[in-house]
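*Asks:* Okay, handing you the structure first.
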Amino acid sequence: SVLRLVTALAAEVLPRSFGAGVTLLRGRVRSTAATHPLVEEADALQYELDEGPCLSAARDQRTYRIESMWNEERWPLWTGRVAQLGLGSSVSSPLVVRGDGLGAVKVYARPEAAFTDHDERILELFAEKASVTLTNAISHEDARRLSEELREALRSRDVIGQAKGILRERHRVDEETAFGMLAEEAQRTNVKLRTVAQRLLDSAAPSSG
């Protein structure tokens with residue numbers, strides 16, 4: 001929701017923009033939000049060709065403006081194909097917090113030379129504020145995911161511990177041997193250790209009938 005909000009606001013910041021998008025450099029480079037399908041298509045071409053102003057803005061942590069897709073020489077493969085989509089110009093600004101690059105925000109226009117030096121500066125200021133908002137959102141999501149992973153790890157530990165207890169009692173073996181039996185079954189059936197343990201618990205549970 002934060003990414004959609006940032007992208008929608010970016011499109012409003014510059015009056016002559018046709019559409020906007022955000023690219024984040026987290027794991028696989030991808031555009032995580034866009035206001036129009038053509039923006040998504042233009043971004044997909046950047047990733048396919050590994051060239052374009054948004055990728056450069058994110059990697060170099062500087063703003064890039066394209067006056068004319070038809071005449072731009074810095075990213076010839078990308079601009080030639082984007083011009084055929086009906087997009088004439090663009091501005092891409094980096095998303096940076098305390099020197100760390102998050103990605104970039106970009107806006108497109110259909111006419112050539114749609115953006116000015118003033119527009120470029122406005123987008124840079126917007127990107128500065130958006131970077132802080134996105135960082136907070138990412139930190140919150142990372143904390144939530146880590147918390148869930150820890151809870152899952154605790155649940156798995158409990159299930160595996162109970163399964164080892166069943167095997168120790170059933171086969172009169174020590175804890176290490178019981179764990180080895182679970183691991184061997186997991187490898188043989190090509191399933192997770194927790195799944196093997198849960199199956200054992202289910203089979204050992206008294207039937208309700």
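The values are calculated or read from the model by the stated rules, or taken from the named source; none is laboratory data. Computed from a predicted model, the values in this text were never measured in an experiment. Every residue, glycine as well, gets a Cβ built from its backbone with ideal geometry; the counts of neighbours run over all protein chains shown. For the accessible areas, the whole protein counts, side chains as well, though only heavy atoms, and no ligand, DNA or RNA atoms are used. Shrake-Rupley method; radii C 1.70, N 1.55, O 1.52, S 1.80 Å.
*Asks:* How many percent of the accessible area of the chain is carbon or sulfur, using a 1.4 Å probe?
*Replies:* Working: 5990 of 12000 Å².
Here carbon and sulfur together make up 50 percent of the probe-accessible area.
*Asks:* Taking H as built 1.01 Å from N, whose amide H comes closer than 5 Å to the amide H of Gly103, not counting residues under 5 places away?
*Replies:* Under 5 Å from the amide H of Gly103: Leu25, Leu95.
*Asks:* If you don't mind, there's one more thing I want to ask. Sequence-distant or interchain residues sharing an amide H contact under 5 Å with His36, placed H: which?
*Replies:* Here the answer is Ala20, since their amide H atoms fall under 5 Å of that of His36.
*Asks:* Convert each backbone phi in the stretch 44-58 into a coupling constant with the Karplus relation 6.51 cos²θ - 1.76 cosθ + 1.60 (shift: θ = phi - 60°), then list the ³J(HN,Hα) values in order as whole Hz, x for Gly and Pro.
*Replies:* Per residue, the Karplus-derived 3J(HN,Hα) values read 4, 5, 4, 6, 5, 8, 6, 7, x, x, 6, 4, 5, 4, 5 Hz.
*Asks:* Report which label in (1) 20.2; (2) 12.7; (3) 17.2 holds the value of mean projected area of the Cα convex hull in nm² derived from the coordinates of this structure.
*Replies:* Given (1) 20.2; (2) 12.7; (3) 17.2, the calculated one carries the label (3).
*Asks:* Divide by every residue of the chain the summed helix terms, -39500 (n - 2.57) for each DSSP H run of at least 4, and state the resulting mean residue ellipticity at 222 nm, rounded to the nearest 500 deg cm²/dmol.
*Replies:* Counting only the DSSP helices, I get -20000 deg cm²/dmol.
*Asks:* Rounded to the nearest whole Å², what accessible area per residue is found for the chain with the 1.4 Å probe?
*Replies:* 57 Å²
*Asks:* Once the dipole of the chain is set up with Lys and Arg at +1 and Asp and Glu at -1 on Cβ about the Cα centre, which of Ala104, Leu193, Phe115 lies farthest towards its positive end?
*Replies:* Farthest towards the positive end: Leu193.
*Asks:* Under 14 Å from the Cβ of Arg74, count the other residues' Cβ atoms, weight Lys and Arg +1, Asp and Glu -1, and hand me the total.
*Replies:* Within the 14 Å Cβ shell, the charges total -3.
*Asks:* Excluding residues on the same chain fewer than 8 positions from Lys192, give the lysines whose Cα lies under 20 Å from its Cα.
*Replies:* Lys192 reaches Lys164.
*Asks:* Ordered by packing density, taken as the mean number of other Cβ atoms within 10 Å over each peptide's residues, highest first, how do 36-42, 119-125 rank?
*Replies:* Those peptides, ordered most packed to least, come out 36-42, 119-125.
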